[in-house]
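Novice: Next up is a structure, given as structure tokens.
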Amino acid sequence: MRLTSLLDPIAGALLALRGISPVQWALRGTGTAATVAAAALALSGPGLAAMHLGVVLVGLVCLTALAAQWLDPDTDLGMLAPTAVVIALAVRADLDVVLAGSTGLLLLAGHASFALAAVMPAHGALDRDALRLALRALTGVLVLTLVGGVLVVLLAQVQLGPWAVVVAAVAVVVLWIAVMPRGR
Amino acid sequence: MGVLALALALLRGEPALVLAGLPLLAWSLLAVARRTARGEERSYPAPSLHLNRRRIDEDGAARATVTAGPGLLTTANVPRPPHADLAPRHGSLTGDGGAALRIGARRWGRIEVGPVHVLVADPLGAFRAQVDLPPVSLQVVPSSVVLDAPVDVPTPIGVSGAHLSRRRGDGTALSEVRAFRPGDRLHRINWRVTSRTGQLHTNATFTEQDTEVLVVTDTTADVSPAPWAGEVAPTSLDMTIRATTAVARHYLGVGDRVALLDIGRLIGAVPPGSGPRQLRVLTDALSRAARDPGALRPLPRLPAVRTGTLTVVCSPLLRPEVITRIGELVAQGADVIVVDTLPPSVGDTSVLRGRPLRLDGRVSERFWPEAWALRRLERERTVRELREAGVPVTAWEGPASLAPVLLSLSAARGAPRRRRS
């Protein structure tokens, strides 16, 4: 086997990396960093030190999802990483408001970055006006999150009867139907 | 994901878990609410493609704008047309409600912009729709340099115009002052000479004529320049079209009638005409031509030309049929000038060192440079034979290419000739 036949594909792939636009590097980099940070937050702490298998599993799922999203930011595999992080949070015994809130914000940053990256091809450029539009929309999300977070913290101290479980379940189903992706 | 967090929080009785899914839930809810509020549940506004100019000059630029609607992330992906530059470089731009890309033309001809792939999304990127817009044509007019050549033609054959003829008649250039004859115009009487001599004298003038210039364009071949000539070096077809445009513009500018005959059938024939309108017709015909190499087809027959018609043949002189057509024109009595449009780098022997050339780090095994050098040597014989037959051949080197040839042709016409017995 000639050395050139081995090196040429590698060199070709490295050259193809030059075609990726700076904005795509920034968006995919932000998405990866935020998701990795969310996973690290979810897996950190003394409560999870003994869960070696779970940590490895969540880590592998996150890495797989991120690798898939690097290749195609629009892939459905990208949802695996937030799912794994939320499940990792759910099994924690020492979950507090700050940890859950900051993890949620990091997941939002990662998801929003990859969603924006999926709007354009790898070599695409982003206009300043488009960036401002996206940031304005994200500001609205943050405000809504803040209001919702304050409400959750306040309502968490209110003791309700067992009937509240039924109402909450119905609310979850309604929300699921509302945000469920559907074809046009 | 937000709903999953809510469900897990409900199952575990852990309100804090809601906060982990709340941002993603807010992201989804805002995207759905925005889409519903704007009435975009079923479809986004149909995007449209618009060019700010349909005709540009060579090395000029046009702007292609894709418009979808305000408040939508609109991504336009334009495939890079041949011989054109795009800005952004890869032809993909995302904007607010639309995207404007710059298309710079490096070569004359027709450029197909598109098909343009458009992706429209909401500002969060949650919902997307894609559509392919059909391509639009952009005409690139060949850059016509102002020819640095005399306006004289060897044999003016019209009845009025800008060229000074050797016949006497109505005009402005003084020929002689002579005695008044019956029929002379009164306003041409030279009163100063009349008062000095005591006899009526009048100013005689040369007539001014236009002529018909036939530009024969050989578009049968498009020879690329040698690799060492650089990426922006023109091909033989580029040089042919530029020379054609420059000659046509030059003679149309002085009021002559100019006709175009394409012996490659890429452009088609343009009947004789004069003035700015004819220049527009000519440049329009040239810019509509597609760079289709096509198959070799038989050359069309030349139309009959009047004796003395100035005929400028722009050709790389590679096909024997073209040489035959030049001979036919000479036989009809036309004043033929050949503009050689083979790129100077093709067949350049100065780079040959007796060993295979190394191009882009590779040694070519096909010996193209050597083959073209032999072809150019063979062509030199054709050029010499044309010159011996009285057909001047000049290489196209820009605006000053034709000046010496036209001057020598005019001088040759005016020179005394030995009578043939």
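Novice: Just to be sure, is residue B:37 more than 9 Å from every other protein chain (Cβ to nearest Cβ), hydrophobic (A, V, I, L, M, F, W, C) and closer than 23 Å to residue B:114 by Cα?
Specialist: When the stated conditions are applied, residue B:37 does not pass them.
Novice: Take residue B:18 and tell me if it is within 10 Å of chain A (Cβ to nearest Cβ), in contact with a Phe, Trp or Tyr (Cβ under 9 Å, 6 or more places away or on another chain) and hydrophobic (A, V, I, L, M, F, W, C).
Specialist: No.
Novice: Filter the range A:82-94 for residues that are at the interface with chain B (Cβ under 7 Å from one of its Cβ atoms) and surrounded by 24 or more Cβ atoms within 10 Å (Cβ to Cβ) and give the result.
Specialist: A:82, A:86, A:89
Novice: Just the residues that are within 14 Å of chain A (Cβ to nearest Cβ) and part of a loop (DSSP other than H, G, I, E, B), please, taken from the range B:94-146.
Specialist: B:97, B:122, B:123, B:124, B:125, B:126, B:127, listed by residue number.
Novice: Please work out if residue A:63 is within 11 Å of chain B (Cβ to nearest Cβ) and without any contact (Cβ under 8 Å) to a residue 60 or more places away in the chain. Outline the logic, then answer.
Specialist: On the way: within 11 Å of chain B (Cβ to nearest Cβ): no; without any contact (Cβ under 8 Å) to a residue 60 or more places away in the chain: yes.
Answer is no for this residue.
Novice: Let me ask something additional. Out of A:26, A:81, A:68, A:13, report the one residue that is farther than 21 Å from residue B:24 by Cα and in a helix (DSSP H, G or I). First the steps, then the outcome.
Specialist: Values: A:26 fails: farther than 21 Å from residue B:24 by Cα; A:81 fails: farther than 21 Å from residue B:24 by Cα; A:68 fails: farther than 21 Å from residue B:24 by Cα.
Answer to the selection: A:13.
Novice: Continuing with the same structure: Within the range A:101-131, can you find the residues that are part of a helix (DSSP H, G or I) and at the interface with another protein chain (Cβ under 7 Å from one of its Cβ atoms)?
Specialist: A:101, A:103, A:104, A:105, A:107, A:108, A:111, A:112, A:115, A:116, A:129, A:130
Novice: Same structure again: Determine, yes or no, whether residue B:34 is closer than 30 Å to residue B:280 by Cα and in contact (Cβ under 8 Å) with a residue 60 or more places away in the chain. Steps first, please.
Specialist: Values: closer than 30 Å to residue B:280 by Cα: no; in contact (Cβ under 8 Å) with a residue 60 or more places away in the chain: yes.
So residue B:34 fails the test.
Novice: Cβ-Cβ under 6 Å, sequence separation 6+ or interchain: first residue in the range B:51-74 and at positive phi, partner surrounded by 15 or more Cβ atoms within 10 Å (Cβ to Cβ). Which pairs?
Specialist: Here the result reads B:69/B:45; B:69/B:97, each pair linking the range B:51-74 to a residue that is surrounded by 15 or more Cβ atoms within 10 Å (Cβ to Cβ).
Novice: Look through B:291, B:265 and report the one residue that is in a loop (DSSP other than H, G, I, E, B), modelled with pLDDT under 80, of a type in the set (Lys, Arg) and touching a strand residue (DSSP E or B) at 6+ places or on another chain (Cβ under 8 Å).
Specialist: B:291
The values are calculated or read from the model by the stated rules, or taken from the named source; none is laboratory data. What you see is a predicted model; the values in this text were computed from it and never measured. Here the Cβ is made from the backbone with ideal geometry for all residues, glycine too, and neighbour counts use every protein chain on show.
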